[in-house]
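Here the structure comes first, spelled out in structure tokens, and everything after it is commentary.
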Amino acid sequence: MQNITELRTSLSDNYTKMKAGKMGLNVGKELANTAGKIINSLKVELEYNSMMDIKEEIDFLKKSPKV
Amino acid sequence: MIRNTNVDDTTNALPFAKHVLAEVPSTPTKKEKRKIYQDNYNRINKDKQAVFKQRYKDENREKVRKQARKRYNDNKDFLAKQTAQKQKYYADTLHDAYMKQHLRKLGYKKEEITKYPEIKETIKLIIKTKRLCKTSQN
């Protein structure tokens, strides 16, 4: 998973699978929780950047990050 | 500009005004005719009406304030019910307004929310998944 768009796509896939009954509810729930943790770490990074006054873009938030 | 003031005759109405003209009952009474005419006139002359309203508000500030307070007090329960319904609808449909509020509670700044809409969408999906789990388990 390279960026937030991919995370979103995978979450969306999981949701449709769960709705169709192709994925277990517990698995889906755990995956959603993990996605939440990733987003929280992103929030910490954003806060850090604003506190340190860093104007640099966050790679994970770009649609096509640097390789 | 020639205005169509005849309520019965909508054939000569201006093209942009045709769709807003109310349907005329087959045999309208004098009162109905007057109301239809007034409604149509107000719809067509919205700008003019806005100017009149603003002038009235400026001239009768205290009166308008009192009327607004009275209207609020008279319909307090209804307004509270309406607000609750609206909030429930926003929460159920994960409306943008609700999501913005939610993200602000989580600690995101206004600029961050507008700058990175992907965060909002991802959190929306997470909430949707969790809700699905909750309803399925029940």
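Only the coordinates and a few stated rules stand behind these numbers; no lab work does. All values reported here derive from a predicted model rather than from experimental measurement. Positions of Cβ are generated from backbone atoms using ideal geometry, with glycine treated the same way; all protein chains shown enter the neighbour counts.
Numbers at a glance
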{"quantity": "Net charge over other residues, Cβ less than 11 angstrom from the Cβ of residue A:5 (K, R count +1; D, E count -1)", "calculated": "0"}
{"quantity": "Net charge contributed by nearby residues that have their C-beta within less than 13 Å of residue A:47 (K/R +1, D/E -1)", "calculated": "-2"}
{"quantity": "Set of segment B:44-75 residues, backbone N closer than 15 Å to the point 7 Å along the Cα-Cβ line of residue B:86", "calculated": "B:72, B:75"}
{"quantity": "Greater than 32 Å apart at Cα, pairs in A:62/B:105; A:55/B:105; B:48/B:105", "calculated": "B:48/B:105"}
{"quantity": "Alpha carbon centroid spacing (whole Å) that separates segment B:24-43 from segment B:46-72", "calculated": "25"}
{"quantity": "Paramagnetic label zone (point 7 Å from Cα along Cα-to-C-beta, residue B:78; backbone N under 13 Å) in segment B:27-61", "calculated": "none"}
{"quantity": "For segment B:58-72, 3J(HN,Hα) per residue [Karplus equation, 6.51 cos²θ - 1.76 cosθ + 1.60, θ = phi - 60°, Hz, x = Gly/Pro]", "calculated": "5, 7, 10, 4, 5, 5, 5, 5, 5, 4, 5, 5, 5, 4, 5"}
{"quantity": "0 to 90° range, to nearest 10: angle between helix A:25-52 axis and chain A longest Cα axis", "calculated": "10"}
{"quantity": "Value at 222 nm in deg cm²/dmol, rounded to 500, when DSSP H runs of n ≥ 4 in the protein assembly as shown each add -39,500 (n - 2.57)", "calculated": "-23500 deg cm²/dmol"}
{"quantity": "On Cα atoms only, tilt of A:4-20 relative to the major axis of chain A in degrees", "calculated": "10"}
